[in-house]
1. Collect residues whose amide H, placed 1.01 Å from N in the peptide plane, falls under 5 Å from the amide H of residue 114; neighbours closer than 5 in sequence don't count.
2. Within the accessible area of the chain, what % is carbon and sulfur when the probe is 1.4 Å and the other protein chains stay in place?
3. Please give the per residue accessible area of the chain, computed with a probe of 1.4 Å over protein heavy atoms only, in Å².
4. With the cut-off at 17 Å, report for segment 67-121 the share of all Cα pairs above it, as a whole percent.
5. Counting pairs on different chains as well as pairs 8 or more places apart, how many Lys pairs in the chain have Cα atoms under 26 Å apart?
6. With the Cα gyration tensor of the chain in hand, convert its eigenvalues to equivalent ellipsoid semi-axes via √(5λ) and list them largest first in whole Å.
7. Does anyone have the angle between helix 79-88 and the longest principal axis of the chain? Alpha-carbon axes, 0 to 90°, nearest 10?
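The values are calculated or read from the model by the stated rules, or taken from the named source; none is laboratory data. Keep in mind the model is a prediction, meaning the values are calculated, not measured. Just so you know, the surface numbers come from the protein's heavy atoms only, side chains and all, with ligands and any DNA or RNA stripped out. Shrake-Rupley method; radii C 1.70, N 1.55, O 1.52, S 1.80 Å.
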Amino acid sequence: MIRGVKIVSIPVSNQDVALQFYTEKIGFKVATDQPFGPGQRWIELLIPGAETSLALFTPPGQENRIGGFQPLTFWCDDVFATAKLLQSKGVELTAEPKKEMWGTMAKFKDPDGNEFVFSSR
């Protein structure tokens, strides 16, 4: 049986810029950074305390997936505190923290224009 999600790919146009953003501003840790075929690298990031990892990788021919809303939601303990911390590091919020019937959420954007929700668990 399937037991979880191992890796989620984030489509990026420049792996160096994305790596700097996700490690320095978002706080993820590098698990793997190695060559992966011609002209690409396999960059896998760990979210501290989580089992799922992220790959900063765009398969050839899938460049149209870069930018826009991505079907991935991150969770955090305190959306308001996380939003404040991200903003202090220069991360652009595309939606300020807001309480909804189902919980609290906000959105941020990465350097490629990929937009993600982060919410309370």
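1. Residues meeting the amide H criterion: 67, 68.
2. 53
3. Result: 62 Å² per residue.
4. 29
5. Taking the chain as the scope, the lysine pair count is 26.
6. Rounded to whole Å, the semi-axes are 25, 16, 14.
7. Around 60 degrees separate the two axes.
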